[in-house]
Structure formats: C-alpha cells, structure tokens
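Since the structure comes first, as structure tokens, the remarks are kept for the end.
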Amino acid sequence: MLLQNAIRHADRGSTSIRPREPGPHADAYYRNLYSTEPDFGKMGREEPSFGAMLKRGSLDFNDPAAVMQLTKTLLKRDFGLEVDLPEDRLCPPVPNRHNYILWLKSLLDSTTYDDPDRKIVGLDIGTGASCIYPLLGCTQRLWSFFATGTKLIEDGTERSELTTSRH
C-alpha cells in the first residue's frame, strides 16, 4: 500500500499544542511528547470514550478494548490522527512506536544536517492494520511510505493510495 502523507487529522479541539504541519520545526513537540506519563484522568475528561474505560482513574491493561481506546485517544490527542482499528488485529503501543520514529529522525538527520526537509521514502514491511509507523512518520515529517503486508492482499486491497486532509 502506498502511503503518501497518509494522515486523517482529527478535530483540533484538544488542549495540547500540536504542530499543524509536519517538519523539523515540530521536533521539540514530538521529542518531549512522552517525557512524562499521560494523565489518564485529564485524558478521560477530554475524550469521553476513553473516560468510560477508566476505573477510579486507572486503565486495565489486560482489557483489549481499553488498550485499543488508549491507542486511539493518544493518536488523536498527540498526533491529530483519528483512526479506526480492527478489533481482531494487534493494537500498537503508541509511545513505543513513536520512540522508533524519533530514533529514525535522529539517524536520518545525523546524515544530512543541512537538509532536514529532504524527500524521505520509507518501506514498512509487515505494516499491520494500524499502519502505525507510516502514520507517525508522516505526521512528524514530510515523509512518504510504501507499506506492505499479507493481510492487505487477503483483504482485497492490492494497492491503494491514502491522501492527506489537514484542518
């Protein structure tokens, strides 16, 4: 699946200050995003579907539906992404996947200091239903991705292109 800046931005009503456009100017925001633990109580008040999963301010990480909602809430709040995740597929932990993208940005930036906006095309083999790495990469920088996976073909999607919608 070819993903070119595949981002469906969510409503910008969140209280967090998120960069409107990807690029090096946004690096400080993304670099510090998970330097402290998320406040589940605050997140629950801002996102009622997440709040419904909390029991006395705590999340049951053994409950797949709760973990799925946490992922959706973090993607919406911190990256402006509104995603639909299939219940029968793996649900990626956002901070872990985000740290990998930060590492890639650092590695790529260390090779070309003078052109952080250069064209980057990534290849994500075994992308999975969430397309997490392409989504996070394209949210933070003007990158493009080729995403592959056996389920994409089994689902009848041999090739598709997702486009960007920015609010």
Of those in region 95-138 that are closer than 21 Å to Asp78 by Cα and of a type in the set (D, E, K, R), the residue surrounded by the most Cβ atoms within 10 Å (Cβ to Cβ) is Lys105
Would you check which residues across region 145-167 are closer than 26 Å to Leu107 by Cα, at pLDDT below 85 and under 17 Å from the mean Cα position of the chain (by Cα) and list them? Thr164
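How about region 29-41: which of its residues are more than 19 Å from Leu81 (Cβ to Cβ) and charged (D, E, K, R)?
To start, the set of residues in region 29-41 that are more than 19 Å from Leu81 (Cβ to Cβ) comprises 35-37, 39-41.
Within region 29-41, Glu37, Asp39 meet the criteria.
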Hey, can you tell me all the residues within region 59-97 that are within 14 Å of Tyr133 (Cα to Cα) and over 13 Å from the mean Cα position of the chain (by Cα)? Leu90
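Matching residues to (1) touching a strand residue (DSSP E or B) at 6+ places or on another chain (Cβ under 6 Å); (2) surrounded by fewer than 13 Cβ atoms within 10 Å (Cβ to Cβ); (3) under 27 Å from Arg141 (Cβ atoms):
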{"position": "Asp27", "(1), (2), (3)": "no, no, yes"}
{"position": "Tyr34", "(1), (2), (3)": "no, no, yes"}
{"position": "Gly44", "(1), (2), (3)": "no, no, no"}
{"position": "Gly80", "(1), (2), (3)": "yes, no, yes"}
{"position": "Val83", "(1), (2), (3)": "no, no, yes"}
{"position": "Cys91", "(1), (2), (3)": "no, no, yes"}
Elements of type helices (runs of 4 or more DSSP H) contained in region 20-134, each with 3 or more residues being over 22 Å from Ala147 (Cα atoms) and modelled with pLDDT of 90 or more: 27-31, 40-46, 48-51, 64-79
I'd like to know if region 137-144 contains one or more residues that are over 17 Å from the mean Cα position of the chain (by Cα) and farther than 22 Å from Ala28 by Cβ. no
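The values are calculated or read from the model by the stated rules, or taken from the named source; none is laboratory data. What you are looking at is a predicted structure, and each value in this text was computed from that prediction instead of being measured. A quick note on method: Cβ atoms are made from the backbone with ideal geometry, for glycine too, and the neighbour counts reach across all protein chains shown.
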